[in-house]
Amino acid sequence: MEIAQLVLGGRRTASLEGKTFEVIEPAMDRPFYEVAEADVEDVDNAVQLAYQTFEQGSWSRLSATARGRVLLKAATLIRERLEQLAVLEARNAGKPIRDARDEVGLAANVFEYWGGAANKIFGETIPVQDAGLEVTLREPVGVCALITPWNFPLVIASWKIAPALACGNTVVVKPAQLTPLTTLALADILMEAGLPEGVISVLPGPGAKVGNALVSHPLVAKVSFTGSTEVGSNIMRLCADNITRVSLELGGKAANIVFDDADVQRCINASVYAVFGNCGQDCCARSRILVQRSIYEQFTEQFAARTALLRVGQPLDEQSEVGPLISAGQRRRAQDYLALGQREGARVVAGGAVPPDAGGGYFLQPAVLAGVDNGMRVAQEEIFGPVVCIIPFESEEEAIRLANDTPYGLSGSVWTQNLGRALRVAKAVRAGVLSVNSNHSVHTEAPFGGYKRSGFGREMGMHAAQLYTEVKSIFFSEE
Ligand code: NDP
């Protein structure tokens, strides 16, 4: 089996102890790569190297335009290798190949955006009362620890790596152990694009050990994490010890609010993908559909029928729309929630079974739960699998109340032809990213992040530059 080595300062190398672990293909339940497993000493090495490189200035003091050119070149190389990267991502994360291609394209867009943005991150001149000139500089923070999950491995790594590098930082990336392959490949691409030695390391290994050591390292200036709320909370606590800057993108339980004047057919066609895309393993999954009572029965029936048409299949099959879950454990979790929902009084009106031709893969037919009350655990907790709850509401006020009745606040949608109502509801929902008559909430150029227990900090768009820069203010006296 092929061995993927870790990346230390841009070079592929074995871990210090020489340990490896197996990466599984979730559609097959079989190993297809061996990957170097980092340990605490590897973390220390990578952080020390990133710190020295930052101080020495080969990247941090390079002109912003030159940094941008490296990122633009990386975008070109990602596009040139789109198919190769998409196949790797599809097999490792169990994604339908068409989605994997889109995601690789998105990663290229992100590098292109930050390639252009690098020399547009600048300070201000401020009219102070004292005689002189007050200016601010935006400076890189230093070594950034970037910890990513398994659901969108390449895309989320790009969201963090591209702005961190554009701002002049050095980075140590800890990909999820289940899906490290495309992040390792991305580091190779960045080196080929001209990134100096020492700027990037990628350390696969168990989060509880490698991630923990990385977050706690005193030379790390900034931590950016995407993953579960529980681990995010733990990371925030660890960051407190060294006053390390931290941003967190955590779970979600998005409400997809459908009023009775909505274009129901368009809404249903979009909404099946908004919850079952990536097999429901998406922090923005529209996993609660709130439907106005007058159209509830009709909507539920049509939504269930549309769900049953989704093509569940092998990731490399061009026709597949839904692949397997990432692991046997994640499928068990979705099945347990389905059973819980029924015990709580909900009805399964579509899906929920393991398809007969699943083989060893972790497949599950997308499932629709009807008759759900928002107080049920299935409506409150993040399932992170192919399960949707359809919940009735009477009025605009009730829709807003139910949408906000969750510990999370990442994303949401409103479907209505009434513009005033769309605006009122979008403003009233306590979430970071809303969409109207659409479920699109992720755009390379726009800020993305959560309220409440979904975390804080805004990735993407120029807002992300705030995560990866310090503001220095300098006063020049006239006297
Ligand atoms: P985790 O939060 O455990 O994993 C996310 C990342 O954090 C991985 O790289 C993981 O490493 C790392 N990590 C784990 N423990 C620590 C730690 N103590 N210190 C530092 N880093 C750590 O998510 P899971 O994979 O366990 O998924 C569980 C649930 O989390 C899902 O069912 C879902 O609800 C939610 N989730 C949300 C995501 C989102 O996009 N917001 C993404 C993924 C999960 P490793 O995997 O190598 O151990």
Over region 171-275, with the other protein chains present, what is the accessible area per residue in square angstrom, probe 1.4 angstrom?
30
With an 8 Å cut-off on Cα pairs and a minimum separation of 6 or more residues, tell me the relative contact order of region 234-294 in percent.
44
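Can you give the direction-averaged projected area of the convex hull of the alpha-carbon atoms in the chain, in nm²? Show your work: numbers first, answer last.
Working: hull surface 95.0 nm².
Quarter of the Cα hull surface area: 23.7 nm².
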Let me know the volume per residue of the alpha-carbon convex hull for region 317-435, in Å³.
140
Along the charge dipole of the chain, which of Ala270, Tyr468, Cys239 sits closest to the positive end, that is, farthest toward it, with unit charges on the beta carbon of Lys, Arg, Asp and Glu (+1, +1, -1, -1)?
Ala270
Need the C-alpha centroid separation for region 434-463 versus region 266-336, integer Å.
21
Computed over the chain, the relative contact order (Cα-Cα under 8 Å, seq sep at least six) in percent reads 18
If you place +1 on the Cβ of every Lys and Arg, -1 on the Cβ of every Asp and Glu, and leave all else neutral, what size is the dipole of the chain about its Cα centre, to the nearest 20 Debye?
400
For region 471-478, Karplus-derived ³J(HN,Hα) couplings (6.51, -1.76, 1.60; θ = phi - 60°; whole Hz; x for glycine and proline) come out as 9, 10, 10, 10, 10, 9, 6, 7
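Would you be so kind as to identify all helices of the chain, as entire DSSP H runs, whose Cα atoms reach 18 Å or more along the helix's own axis and whose mean Kyte-Doolittle hydropathy is at least 0.5? All intermediate terms of the calculation are to be shown ahead of the outcome.
Working: long enough: 40-56 (24 Å, -0.42); 64-80 (24 Å, 0.27); 97-117 (30 Å, -0.15); 153-166 (20 Å, 1.37); 229-242 (21 Å, -0.12); 293-308 (23 Å, -0.69); 328-344 (24 Å, -1.45).
Result, helices passing both filters: 153-166.
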Region 352-368 and region 154-202: distance between their alpha carbon centers, rounded to Å:
34
Hey, what number do you get for the chain at 222 nm if only DSSP H runs of n ≥ 4 count, each worth -39500 (n - 2.57), divided across all residues, to the nearest 500?
-12000 deg cm²/dmol
Just going by the charge dipole of the chain, with Lys and Arg at +1 and Asp and Glu at -1 on Cβ, which of Ala162, Ala64, Met376 is farthest out on the positive end?
Met376
Solvent exposure of region 393-479 as accessible area per residue, Å², 1.4 Å probe:
50
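Per residue, what accessible area does region 58-107 have, given a 1.4 Å probe and all protein chains present, in Å²? Don't skip to the end; give the middle numbers.
Values: 2050 Å² over 50 residues.
Per-residue value: 41 Å².
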Show me the trypsin sites (Lys or Arg not before Pro) within region 284-317 that DSSP assigns to loop and that have at most 16 other Cβ atoms within 10 Å of their Cβ.
Arg311
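How many Å³ per residue does the convex hull of the Cα positions in region 253-309 occupy? Display every interim value, and only then the final one.
Working: hull volume 3.8 nm³, N = 57.
Each residue corresponds to 67 Å³ of Cα convex hull volume.
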Report, to the nearest whole %, how much of the accessible area of the chain belongs to carbon and sulfur atoms, 1.4 Å probe, protein only.
51
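The values are calculated or read from the model by the stated rules, or taken from the named source; none is laboratory data. Since the model is a prediction, treat every value here as computed from it, not as a measurement. Glycine also receives a Cβ, built like all others from the backbone with ideal geometry; neighbour counts cover every protein chain displayed. These area figures cover heavy atoms from the full protein model, side chains too; ligands, DNA and RNA do not enter into them. Shrake-Rupley method; radii C 1.70, N 1.55, O 1.52, S 1.80 Å.
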